[in-house]
Amino acid sequence: MAEVFVVATGANKLTYEMLTLARGLGEVSAVVLGAPGTAASIADNLAEYGAAKIYAAEDEALDKYLVAPKADALAALVTAKSPAAVLVPSTQEGKEIAGRVAVALDNGVLTDVTGLEADGTATQEIFAGATVVKSKVAKGIPLVTVKPNSVTPEPAPATATIEAVEVSVADSSKLVTVEETVVEPKGDRPDLTEANIVVSGGRGVGSAEQFSVIEEFADLLGAAVGASRAATDSGFYPHKFQVGQTGTTVSPQLYVAAGISGAIQHRAGMQTSKTIVAVNKDEGAPIFEIADYGVVGDLFTVLPQAGEEIRKRRG
Ligand SMILES: Cc1cc2nc3c(=O)[nH]c(=O)nc-3n(C[C@H](O)[C@H](O)[C@H](O)COP(=O)(O)OP(=O)(O)OC[C@H]3O[C@@H](n4cnc5c(N)ncnc54)[C@H](O)[C@@H]3O)c2cc1C
(Lines give C-alpha, C1' and ligand atoms only; values in the text may rest on other atoms or scores of the structure.)
Protein backbone atom coordinates (compact mmCIF):
# COMPACT_ATOMS: atom_id res chain seq x y z
CA MET A 1 0.00 0.00 0.00
CA ALA A 2 1.23 3.47 -0.84
CA GLU A 3 2.77 5.44 2.01
CA VAL A 4 1.25 8.86 2.64
CA PHE A 5 3.03 11.50 4.73
CA VAL A 6 1.21 13.74 7.17
CA VAL A 7 3.25 16.53 8.73
CA ALA A 8 2.08 16.44 12.35
CA THR A 9 2.47 19.64 14.33
CA GLY A 10 1.16 18.28 17.61
CA ALA A 11 -1.81 16.66 19.30
CA ASN A 12 -4.31 19.00 17.67
CA LYS A 13 -7.49 18.85 15.60
CA LEU A 14 -5.89 19.77 12.27
CA THR A 15 -3.34 16.97 12.63
CA TYR A 16 -6.17 14.51 13.36
CA GLU A 17 -8.10 15.82 10.34
CA MET A 18 -5.10 15.26 8.07
CA LEU A 19 -4.52 11.76 9.45
CA THR A 20 -8.20 10.96 8.81
CA LEU A 21 -7.98 12.30 5.25
CA ALA A 22 -4.72 10.45 4.57
CA ARG A 23 -6.19 7.10 5.65
CA GLY A 24 -8.31 7.12 2.49
CA LEU A 25 -5.18 7.47 0.37
CA GLY A 26 -2.81 4.84 1.70
CA GLU A 27 -0.77 3.78 4.72
CA VAL A 28 -0.32 6.77 6.96
CA SER A 29 3.06 7.90 8.24
CA ALA A 30 3.21 10.97 10.44
CA VAL A 31 6.26 13.19 10.10
CA VAL A 32 7.25 15.13 13.20
CA LEU A 33 9.63 18.03 12.62
CA GLY A 34 10.91 19.44 15.89
CA ALA A 35 13.32 19.35 18.78
CA PRO A 36 14.34 15.95 20.24
CA GLY A 37 11.51 14.36 22.22
CA THR A 38 8.67 15.95 20.22
CA ALA A 39 7.59 12.75 18.45
CA ALA A 40 7.55 10.62 21.61
CA SER A 41 5.36 13.17 23.37
CA ILE A 42 2.58 12.90 20.75
CA ALA A 43 3.09 9.36 19.42
CA ASP A 44 0.04 7.92 21.22
CA ASN A 45 -2.20 10.67 19.85
CA LEU A 46 -0.96 10.13 16.30
CA ALA A 47 -1.45 6.36 16.56
CA GLU A 48 -4.98 6.92 17.87
CA TYR A 49 -5.82 8.53 14.52
CA GLY A 50 -4.21 5.85 12.38
CA ALA A 51 -0.50 6.67 12.05
CA ALA A 52 1.24 3.34 11.49
CA LYS A 53 4.67 4.91 11.44
CA ILE A 54 6.06 8.10 12.90
CA TYR A 55 9.18 9.62 11.41
CA ALA A 56 10.92 11.59 14.11
CA ALA A 57 12.93 14.20 12.22
CA GLU A 58 14.31 15.81 15.32
CA ASP A 59 17.09 18.29 15.82
CA GLU A 60 17.52 21.42 17.94
CA ALA A 61 17.99 23.38 14.71
CA LEU A 62 14.37 22.77 13.72
CA ASP A 63 13.15 24.92 16.60
CA LYS A 64 16.13 27.24 16.71
CA TYR A 65 15.80 28.59 13.14
CA LEU A 66 12.71 29.73 11.30
CA VAL A 67 10.99 27.30 8.89
CA ALA A 68 13.84 26.55 6.43
CA PRO A 69 15.40 23.65 8.41
CA LYS A 70 11.99 21.98 8.66
CA ALA A 71 11.61 22.23 4.89
CA ASP A 72 15.14 20.77 4.45
CA ALA A 73 14.27 17.84 6.71
CA LEU A 74 10.96 17.14 4.98
CA ALA A 75 12.44 17.42 1.47
CA ALA A 76 15.21 14.96 2.40
CA LEU A 77 12.70 12.50 3.86
CA VAL A 78 10.43 12.72 0.81
CA THR A 79 13.45 12.01 -1.41
CA ALA A 80 14.50 9.06 0.74
CA LYS A 81 11.08 7.42 1.13
CA SER A 82 9.20 8.44 -2.04
CA PRO A 83 5.74 8.70 -0.45
CA ALA A 84 2.65 8.73 -2.68
CA ALA A 85 1.47 12.08 -1.25
CA VAL A 86 2.44 14.64 1.39
CA LEU A 87 -0.10 16.51 3.51
CA VAL A 88 1.01 19.64 5.36
CA PRO A 89 -1.15 21.87 7.58
CA SER A 90 -2.45 25.00 5.85
CA THR A 91 -1.01 27.26 8.50
CA GLN A 92 1.34 30.12 7.76
CA GLU A 93 4.32 27.94 8.64
CA GLY A 94 2.91 24.87 6.86
CA LYS A 95 2.40 26.77 3.63
CA GLU A 96 5.95 28.07 3.74
CA ILE A 97 7.32 24.58 4.40
CA ALA A 98 5.29 23.15 1.50
CA GLY A 99 6.42 25.95 -0.82
CA ARG A 100 10.06 25.45 0.05
CA VAL A 101 9.80 21.67 -0.38
CA ALA A 102 8.11 22.18 -3.75
CA VAL A 103 11.00 24.37 -4.92
CA ALA A 104 13.65 22.02 -3.53
CA LEU A 105 12.14 18.98 -5.24
CA ASP A 106 10.86 20.74 -8.36
CA ASN A 107 7.41 19.44 -7.44
CA GLY A 108 4.01 21.11 -7.80
CA VAL A 109 2.12 22.27 -4.71
CA LEU A 110 -1.54 23.00 -3.92
CA THR A 111 -2.56 25.05 -0.90
CA ASP A 112 -5.75 25.28 1.17
CA VAL A 113 -7.16 22.00 -0.11
CA THR A 114 -10.31 20.72 1.56
CA GLY A 115 -10.18 17.22 0.08
CA LEU A 116 -7.75 14.86 -1.64
CA GLU A 117 -8.59 11.71 -3.57
CA ALA A 118 -6.40 8.66 -4.07
CA ASP A 119 -5.70 9.66 -7.68
CA GLY A 120 -4.30 12.99 -6.47
CA THR A 121 -7.33 15.13 -7.31
CA ALA A 122 -7.51 17.94 -4.76
CA THR A 123 -10.52 20.07 -3.91
CA GLN A 124 -10.19 23.79 -3.20
CA GLU A 125 -13.01 26.16 -2.34
CA ILE A 126 -12.39 29.64 -3.68
CA PHE A 127 -14.21 32.99 -3.88
CA ALA A 128 -15.37 32.60 -0.28
CA GLY A 129 -16.54 29.06 -0.95
CA ALA A 130 -18.70 30.07 -3.92
CA THR A 131 -16.62 28.04 -6.42
CA VAL A 132 -15.24 24.54 -6.01
CA VAL A 133 -12.06 23.80 -7.95
CA LYS A 134 -10.63 20.35 -8.65
CA SER A 135 -6.89 20.36 -9.34
CA LYS A 136 -4.00 17.95 -9.65
CA VAL A 137 -0.30 18.49 -9.14
CA ALA A 138 1.03 18.08 -12.67
CA LYS A 139 4.68 17.57 -11.73
CA GLY A 140 5.74 15.20 -8.96
CA ILE A 141 3.60 13.79 -6.16
CA PRO A 142 0.51 15.45 -4.62
CA LEU A 143 2.07 17.91 -2.18
CA VAL A 144 -0.81 19.76 -0.55
CA THR A 145 -1.60 21.95 2.43
CA VAL A 146 -4.87 21.03 4.13
CA LYS A 147 -7.25 23.74 5.30
CA PRO A 148 -8.42 23.41 8.92
CA ASN A 149 -11.94 22.14 9.51
CA SER A 150 -12.25 20.44 6.13
CA VAL A 151 -12.60 16.90 7.45
CA THR A 152 -14.26 15.42 10.54
CA PRO A 153 -11.48 13.77 12.52
CA GLU A 154 -12.24 10.13 13.27
CA PRO A 155 -10.04 7.92 15.44
CA ALA A 156 -8.75 4.63 13.96
CA PRO A 157 -6.34 3.25 16.55
CA ALA A 158 -3.13 1.81 15.10
CA THR A 159 0.15 0.63 16.53
CA ALA A 160 2.76 3.14 15.55
CA THR A 161 6.48 2.55 15.33
CA ILE A 162 8.79 5.52 15.68
CA GLU A 163 11.65 5.76 13.20
CA ALA A 164 14.36 8.27 13.94
CA VAL A 165 15.41 10.31 10.92
CA GLU A 166 18.79 11.94 10.63
CA VAL A 167 18.42 15.65 10.02
CA SER A 168 20.94 17.64 8.09
CA VAL A 169 20.41 21.38 7.83
CA ALA A 170 22.22 23.50 5.26
CA ASP A 171 23.97 26.66 6.51
CA SER A 172 21.83 28.61 4.07
CA SER A 173 18.79 27.48 6.08
CA LYS A 174 20.15 28.92 9.31
CA LEU A 175 19.75 32.57 8.42
CA VAL A 176 16.94 33.49 10.82
CA THR A 177 17.08 32.47 14.46
CA VAL A 178 14.11 32.28 16.80
CA GLU A 179 15.04 34.52 19.72
CA GLU A 180 11.97 34.16 21.88
CA THR A 181 8.78 32.15 21.82
CA VAL A 182 5.88 33.56 23.78
CA VAL A 183 2.97 31.26 24.39
CA GLU A 184 -0.14 33.38 24.64
CA PRO A 185 -1.99 32.70 27.86
CA LYS A 186 -5.00 30.58 27.04
CA GLY A 187 -8.22 31.67 28.65
CA ASP A 188 -10.79 29.26 29.95
CA ARG A 189 -12.62 29.21 26.63
CA PRO A 190 -11.91 26.53 24.04
CA ASP A 191 -9.79 27.30 21.01
CA LEU A 192 -11.82 28.83 18.18
CA THR A 193 -10.80 26.28 15.54
CA GLU A 194 -11.32 23.32 17.85
CA ALA A 195 -14.49 24.30 19.75
CA ASN A 196 -17.68 22.24 19.46
CA ILE A 197 -19.74 25.38 19.94
CA VAL A 198 -18.92 28.89 18.70
CA VAL A 199 -20.91 32.00 19.61
CA SER A 200 -20.06 34.94 17.33
CA GLY A 201 -21.04 38.57 17.49
CA GLY A 202 -21.16 41.09 14.67
CA ARG A 203 -21.51 44.81 14.15
CA GLY A 204 -24.96 44.51 15.68
CA VAL A 205 -23.34 44.04 19.11
CA GLY A 206 -22.51 47.74 18.92
CA SER A 207 -19.42 48.12 21.13
CA ALA A 208 -16.54 46.34 22.84
CA GLU A 209 -18.27 46.65 26.23
CA GLN A 210 -21.45 45.11 24.90
CA PHE A 211 -19.54 42.07 23.62
CA SER A 212 -19.92 40.78 27.19
CA VAL A 213 -23.40 39.61 26.17
CA ILE A 214 -21.74 37.31 23.59
CA GLU A 215 -19.11 36.15 26.09
CA GLU A 216 -21.68 35.39 28.77
CA PHE A 217 -23.78 33.30 26.39
CA ALA A 218 -20.64 31.53 25.12
CA ASP A 219 -19.48 30.73 28.66
CA LEU A 220 -22.86 29.31 29.53
CA LEU A 221 -22.51 26.86 26.62
CA GLY A 222 -18.78 26.20 27.11
CA ALA A 223 -18.26 27.79 23.71
CA ALA A 224 -15.52 29.74 21.96
CA VAL A 225 -16.22 33.37 21.05
CA GLY A 226 -15.97 34.50 17.43
CA ALA A 227 -16.63 37.79 15.65
CA SER A 228 -17.37 39.14 12.20
CA ARG A 229 -14.85 41.31 10.45
CA ALA A 230 -17.04 44.38 10.94
CA ALA A 231 -16.90 43.68 14.68
CA THR A 232 -13.12 43.20 14.76
CA ASP A 233 -12.46 46.17 12.44
CA SER A 234 -14.62 48.32 14.71
CA GLY A 235 -12.48 47.28 17.67
CA PHE A 236 -15.29 45.40 19.42
CA TYR A 237 -13.22 42.22 19.65
CA PRO A 238 -9.59 41.23 18.85
CA HIS A 239 -8.80 40.35 15.21
CA LYS A 240 -7.60 36.86 16.07
CA PHE A 241 -11.22 35.89 16.76
CA GLN A 242 -12.44 36.89 13.29
CA VAL A 243 -14.38 34.15 11.53
CA GLY A 244 -14.52 34.11 7.74
CA GLN A 245 -12.65 34.21 4.49
CA THR A 246 -9.81 36.33 5.85
CA GLY A 247 -10.12 35.02 9.40
CA THR A 248 -10.52 31.58 10.90
CA THR A 249 -12.58 28.79 9.36
CA VAL A 250 -14.69 26.98 11.93
CA SER A 251 -16.94 23.95 11.62
CA PRO A 252 -18.43 23.34 15.06
CA GLN A 253 -21.48 21.30 16.01
CA LEU A 254 -23.28 24.54 16.84
CA TYR A 255 -22.60 28.05 15.52
CA VAL A 256 -24.56 30.97 16.96
CA ALA A 257 -24.38 34.18 14.91
CA ALA A 258 -25.71 37.22 16.75
CA GLY A 259 -25.96 40.62 15.07
CA ILE A 260 -24.22 39.27 11.95
CA SER A 261 -25.78 39.91 8.54
CA GLY A 262 -24.27 36.86 6.83
CA ALA A 263 -22.03 38.36 4.14
CA ILE A 264 -20.49 35.79 1.80
CA GLN A 265 -17.04 36.38 3.32
CA HIS A 266 -18.36 35.57 6.79
CA ARG A 267 -20.22 32.51 5.58
CA ALA A 268 -17.03 31.19 3.99
CA GLY A 269 -15.67 30.63 7.48
CA MET A 270 -18.68 29.02 9.15
CA GLN A 271 -21.11 27.59 6.62
CA THR A 272 -20.07 23.98 7.21
CA SER A 273 -21.11 24.20 10.89
CA LYS A 274 -23.48 21.35 11.72
CA THR A 275 -26.23 23.54 13.18
CA ILE A 276 -26.44 27.28 12.64
CA VAL A 277 -28.54 29.54 14.85
CA ALA A 278 -28.93 33.18 13.82
CA VAL A 279 -30.21 36.04 15.91
CA ASN A 280 -30.86 39.19 13.92
CA LYS A 281 -33.42 41.96 14.18
CA ASP A 282 -33.73 42.20 10.38
CA GLU A 283 -35.83 39.32 9.07
CA GLY A 284 -34.33 39.90 5.61
CA ALA A 285 -30.73 39.34 6.78
CA PRO A 286 -28.96 36.83 4.47
CA ILE A 287 -27.71 34.82 7.46
CA PHE A 288 -31.24 33.39 7.73
CA GLU A 289 -30.75 31.71 4.32
CA ILE A 290 -28.24 29.29 5.83
CA ALA A 291 -29.52 29.18 9.42
CA ASP A 292 -31.13 26.01 10.75
CA TYR A 293 -32.85 28.08 13.43
CA GLY A 294 -33.46 31.78 13.09
CA VAL A 295 -34.66 34.20 15.73
CA VAL A 296 -35.82 37.61 14.50
CA GLY A 297 -35.19 39.87 17.45
CA ASP A 298 -32.83 42.09 19.40
CA LEU A 299 -29.81 40.09 20.49
CA PHE A 300 -29.69 41.95 23.81
CA THR A 301 -33.10 40.50 24.59
CA VAL A 302 -32.83 37.12 22.86
CA LEU A 303 -29.45 35.93 24.20
CA PRO A 304 -30.14 36.70 27.91
CA GLN A 305 -33.59 35.13 27.56
CA ALA A 306 -32.16 32.01 25.94
CA GLY A 307 -29.50 31.90 28.65
CA GLU A 308 -32.11 32.10 31.38
CA GLU A 309 -34.08 29.27 29.80
CA ILE A 310 -30.98 27.08 29.46
CA ARG A 311 -30.12 27.64 33.15
CA LYS A 312 -33.70 26.83 34.15
CA ARG A 313 -33.72 23.57 32.17
CA ARG A 314 -30.37 22.56 33.61
CA GLY A 315 -31.93 22.96 37.03
C1 LIG B 1 -11.91 40.66 0.77
C2 LIG B 1 -12.87 40.67 1.94
C3 LIG B 1 -12.66 39.76 2.95
C4 LIG B 1 -13.55 39.73 4.03
N5 LIG B 1 -13.38 38.80 5.03
C6 LIG B 1 -14.27 38.72 6.02
C7 LIG B 1 -14.16 37.73 7.04
O8 LIG B 1 -13.20 36.95 7.09
N9 LIG B 1 -15.12 37.68 7.99
C10 LIG B 1 -16.19 38.52 8.02
O11 LIG B 1 -17.04 38.41 8.92
N12 LIG B 1 -16.31 39.47 7.08
C13 LIG B 1 -15.39 39.61 6.10
N14 LIG B 1 -15.51 40.59 5.18
C15 LIG B 1 -16.51 41.65 5.40
C16 LIG B 1 -17.91 41.27 4.98
O17 LIG B 1 -18.10 41.59 3.62
C18 LIG B 1 -18.97 42.04 5.81
O19 LIG B 1 -18.72 43.42 5.70
C20 LIG B 1 -18.96 41.67 7.30
O21 LIG B 1 -19.01 40.27 7.46
C22 LIG B 1 -20.16 42.30 7.97
O23 LIG B 1 -20.12 42.05 9.34
P24 LIG B 1 -21.47 42.06 10.18
O25 LIG B 1 -22.40 41.05 9.65
O26 LIG B 1 -21.09 41.99 11.62
O27 LIG B 1 -21.99 43.56 9.94
P28 LIG B 1 -23.23 44.08 9.14
O29 LIG B 1 -23.25 43.57 7.75
O30 LIG B 1 -23.26 45.55 9.34
O31 LIG B 1 -24.47 43.41 9.86
C32 LIG B 1 -24.87 43.70 11.16
C33 LIG B 1 -26.16 42.94 11.41
O34 LIG B 1 -26.53 43.08 12.76
C35 LIG B 1 -27.96 43.21 12.79
N36 LIG B 1 -28.24 43.89 14.06
C37 LIG B 1 -27.98 45.18 14.41
N38 LIG B 1 -28.33 45.39 15.68
C39 LIG B 1 -28.84 44.23 16.16
C40 LIG B 1 -29.38 43.83 17.40
N41 LIG B 1 -29.44 44.67 18.45
N42 LIG B 1 -29.84 42.56 17.52
C43 LIG B 1 -29.80 41.69 16.48
N44 LIG B 1 -29.29 42.03 15.28
C45 LIG B 1 -28.82 43.27 15.12
C46 LIG B 1 -28.32 43.98 11.56
O47 LIG B 1 -29.66 43.72 11.21
C48 LIG B 1 -27.32 43.42 10.56
O49 LIG B 1 -27.86 42.32 9.84
C50 LIG B 1 -14.64 40.64 4.09
C51 LIG B 1 -14.82 41.55 3.05
C52 LIG B 1 -13.95 41.59 1.98
C53 LIG B 1 -14.18 42.54 0.87
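The values are calculated or read from the model by the stated rules, or taken from the named source; none is laboratory data. What you are looking at is a predicted structure, and each value in this text was computed from that prediction instead of being measured. Every residue, glycine as well, gets a Cβ built from its backbone with ideal geometry; the counts of neighbours run over all protein chains shown. The protein model used for the area step is the full one, side chains on, heavy atoms only, and it has no ligands, DNA or RNA in it. Shrake-Rupley method; radii C 1.70, N 1.55, O 1.52, S 1.80 Å.
Taken over the stretch 106-158, the criterion of being touching a helix residue (DSSP H, G or I) at 6+ places or on another chain (Cβ under 9 Å), open to solvent by less than 60 Å² (accessible area, probe 1.4 Å) and either farther than 26 Å from GLY50 by Cα or in the same structural domain as GLN253 (by TED's automatic domain parsing) (or both) is satisfied by ASN107, GLY108, ALA128, GLY129. Scan the stretch 253-272 for residues that are among the hydroxyl-bearing types (Ser, Thr, Tyr) and surrounded by fewer than 24 Cβ atoms within 10 Å (Cβ to Cβ) and the total you get is 2. Checking each residue in the stretch 121-139 for being among the aliphatic types (A, V, I, L, M), over 14 Å from ALA102 (Cβ atoms) and in contact (Cβ under 8 Å) with a residue 24 or more places away in the chain picks out ALA128, ALA130. Within the stretch 20-45, being in contact with a Leu (Cβ under 7 Å, 6 or more places away or on another chain) and open to solvent by less than 10 Å² (accessible area, probe 1.4 Å) holds for ALA22, VAL28, ALA30, VAL31, GLY34. Taking the stretch 270-289 as the range and being assigned to a loop (DSSP other than H, G, I, E, B) and β-branched (Val, Ile, Thr) as the test, only THR272 passes. One residue is enough: does the stretch 171-192 have a residue meeting the conditions in contact with a helix residue (DSSP H, G or I) (Cβ under 7 Å, 6 or more places away or on another chain), under 24 Å from PHE241 (Cβ atoms) and outside the structural domain of LYS70 (by TED's automatic domain parsing)? Yes, the conditions are met somewhere in the stretch 171-192.
Look at (1) in contact with a Gly (Cβ under 9 Å, 6 or more places away or on another chain); (2) over 27 Å from LEU14 (Cα atoms); (3) more than 8 Å from the ligand (Cβ to nearest atom) and you find that SER261 fails only one, number (3). Among the residues of the stretch 189-214, those identified as in contact (Cβ under 8 Å) with a residue 24 or more places away in the chain, farther than 18 Å from PRO148 by Cα and more than 8 Å from the ligand (Cβ to nearest atom) are ARG189, VAL199, SER200, SER207, ALA208, GLN210, PHE211, VAL213, ILE214. Only one of the numbered conditions (1) hydrophobic (A, V, I, L, M, F, W, C); (2) in contact with a strand residue (DSSP E or B) (Cβ under 9 Å, 6 or more places away or on another chain); (3) under 26 Å from THR131 (Cα atoms) is not met by ALA263, and that is (2). Filtered by the rule that a residue be touching a strand residue (DSSP E or B) at 6+ places or on another chain (Cβ under 7 Å) and more than 8 Å from the ligand (Cβ to nearest atom), the stretch 275-295 gives THR275, ILE276, VAL277, ALA278, GLU283, PHE288, ILE290, ALA291, ASP292, TYR293, GLY294, VAL295.
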